[in-house]
Amino acid sequence: MKQAFIYDAIRTPRGRAKADGGLADLTPFELLKTLYDALEQRTHLDRNRVEDVVLGCVTQVGEQGGNIAKASLLYAGWPDHVPGLTVNRYCSSGIDAINIAAMKVMTGQAQCTIAGGIEMMSRVPMLSDKATLFSDSAQALRHRMLMMGSGADLIASLFDMSRQQVDEVAFKSQQRAAYAREQGWFSSIIPIFNPVKDIMVNMDECVREAISMDELDALKPFFADIGAQGVDALQCQEHPELEAIRHVHTAGNSPAMADAASLILIGDESLSETLGQPPRAKIVAMATVCDDPLEVVSGCAKATATLMRQHNLKASDIDLFELHEAFAATSIKCQLTLGIGDEKLNVNGGCIALGHPMGATGGIMMGTLLDELERRKSTTGIVAASGAAGSGTAILIQCV
C-alpha cells in the first residue's frame, strides 16, 4: 500500500452564522472558489492532475445540495474531468472526507486528491434538510437518534460532571482561542473579501474573549425541555444507575454555529516532484467507529482510543491532540478516558470558542493541528471528530 501525504491545508476564517456575520453574504460556491484559487497559487498545483475532490457537507439542500463538491468545481472553472464527491457523516464529515481522499492515494487509485468541507450555517441552517429522525420525535426515540446536546448531557451525567466543570472547559477554550488569534497562530487562514459589506474577513469571528465564568454560569441549560419530552426517560431506562440526567450544557459551553470552508491537498510521494515542494505531513493511520448512539457525541473519544490501541500508542506518545469540542462534556470524557493533559488537548481552543461549521470543521481542525505542530517543531498529532448517533473518525499524522 502506498503512503498518503498532506501537501497543504487551508481554510477560510469562521464567520458568525448570522446575517451580520462576515461571510454570510457569500454563497458556498464563492467561498470554495476562493480556496480552490488559493490552493493553486500556494502550491503551483496543476488542476488537471487532481483525480478526485471529496468534501464534507452535513446539510445538503438548497445552495449546498446537488453534490456541492462537483458543482463547486464547475463554478470555479475547473476541468470537466475532475470528479467530485460530497459526504455526510454528520459533524465528522470533514475528517471522513480526508480519510476517503487519502485512501484513494493509498490504494493507488489516485496520485493527487483534494479533501475538505463546506458549511454555510447562516444561509443553510442546521436541520433545514428536515431529516425524519431529527424532525419526528417519536421516530427519534424509537430508533435512539437523539440531538447532540442530549447526548452531551448524558455523558456529563455518566461521568458525574458538574456545571462548573463544563463551564471551565468553555472558558479555557475562549481564552486559548483569543490568545492564538491575537498571536496569529492560525496560519492556514485564507482572508476572504466580502464585496457586499466591503470588508476583508481575516480572522475567526465567534471567539468571545471577554466572557467571564459568571456570565457562563448565568446561562440556562438548553436541553432540559427536550429531555422532558421522553429523552431523559429513555436515557435513564438504559442507564438504571442514573437517577436523573444532569442538564449542564448551555449556549455558552456548546459549539458555536459558523460559516466556513476548508481544503486539504493530499498526494503520493511523486506529487512532491510535480509541485516542487516537499509534503508537510504523512497520514499514518485512520479509524472510524460508532459508539453508543445515546451518547451521540462520544465518537471522537472512541475513535481516538481505537486508533491508539491499534498502534500501541499512549497519550505520552502523541505531541498534540486536536479533538472535536463537541460540547464541553465530550472534551472532559476524552481527557478522562484517554489520559490527555491540558497541555496537549486543543491548545489553541476548540469549536466552543472558534465555531463549528459542521462539514468544514474536520479540515479546519487538520490545518490547525498541522500549523501548531510545525510552529512547535513537534512531530505527531491526532485529529478526531464526533458525528451524530455516536459516529467518530480519527486520523494520526506525522510532520515530515
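The values are calculated or read from the model by the stated rules, or taken from the named source; none is laboratory data. This structure is a prediction, so every number in the text was calculated from the model and none was measured. Note: ideal-geometry Cβ built from the backbone for every residue, glycine included; neighbour counts use all protein chains shown.
Quick notes on this one:
- Residue match in segment 373-390 (condition: under 23 Å from GLU168 (Cβ atoms), surrounded by fewer than 22 Cβ atoms within 10 Å (Cβ to Cβ) and either of a type in the set (S, T, N, Q) or modelled with pLDDT of 95 or more (or both)): no
- Among the residues of segment 35-67, those identified as within 27 Å of GLY108 (Cβ to Cβ), in contact with a Pro (Cβ under 9 Å, 6 or more places away or on another chain) and part of a helix (DSSP H, G or I) are ARG47, ASN48.
- Some residue of segment 63-76 being under 26 Å from PHE327 (Cβ atoms), at pLDDT 95 or above and either within 18 Å of the chain's Cα centre (by Cα) or of a type outside the set (Phe, Trp, Tyr) (or both): yes
- Screening the candidates ILE264, ILE226, ILE189 for the property of being of a type outside the set (Asp, Glu) and modelled with pLDDT under 95 yields one hit, ILE226.
- Yes/no for LEU73 being part of a loop (DSSP other than H, G, I, E, B), touching a Phe, Trp or Tyr at 6+ places or on another chain (Cβ under 9 Å) and farther than 18 Å from ILE189 by Cα: no
Yes/no per residue for (1) crowded, with 22+ Cβ neighbours inside 10 Å; (2) in a helix (DSSP H, G or I); (3) of a type in the set (Lys, Arg):
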| position | (1), (2), (3) |
| --- | --- |
| ILE283 | yes, no, no |
| THR304 | yes, yes, no |
| LEU307 | yes, yes, no |
| GLU325 | yes, no, no |
| THR337 | no, yes, no |
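- Filter pass, ASP160 being loosely packed, with under 13 Cβ neighbours inside 10 Å and either in a loop (DSSP other than H, G, I, E, B) or of a type outside the set (A, V, I, L, M) (or both): yes
- All conditions but one from (1) surrounded by fewer than 20 Cβ atoms within 10 Å (Cβ to Cβ); (2) touching a Ser or Thr at 6+ places or on another chain (Cβ under 8 Å); (3) closer than 27 Å to GLU273 by Cβ; (4) aliphatic (A, V, I, L, M) apply to VAL50; the one that does not is (1).
- Test for ALA156: is it touching a Phe, Trp or Tyr at 6+ places or on another chain (Cβ under 7 Å) and of a type in the set (Gly, Ala, Ser): no
- Scanning segment 1-23 for residues that are crowded, with 20+ Cβ neighbours inside 10 Å and either more than 21 Å from GLU372 (Cα to Cα) or out of contact with any helix residue (DSSP H, G or I) (no Cβ under 8 Å at 6 or more places or on another chain) (or both) returns PRO13, GLY15, ARG16, ALA17, GLY21, GLY22, LEU23.
- Options ARG163, ARG144, ARG123; residue that is farther than 29 Å from SER212 by Cα, charged (D, E, K, R) and over 21 Å from the mean Cα position of the chain (by Cα): ARG144
- All of LEU32, LEU26 fail the test of being part of a loop (DSSP other than H, G, I, E, B) and either among the β-branched types (Val, Ile, Thr) or in contact (Cβ under 8 Å) with a residue 60 or more places away in the chain (or both), apart from LEU26.
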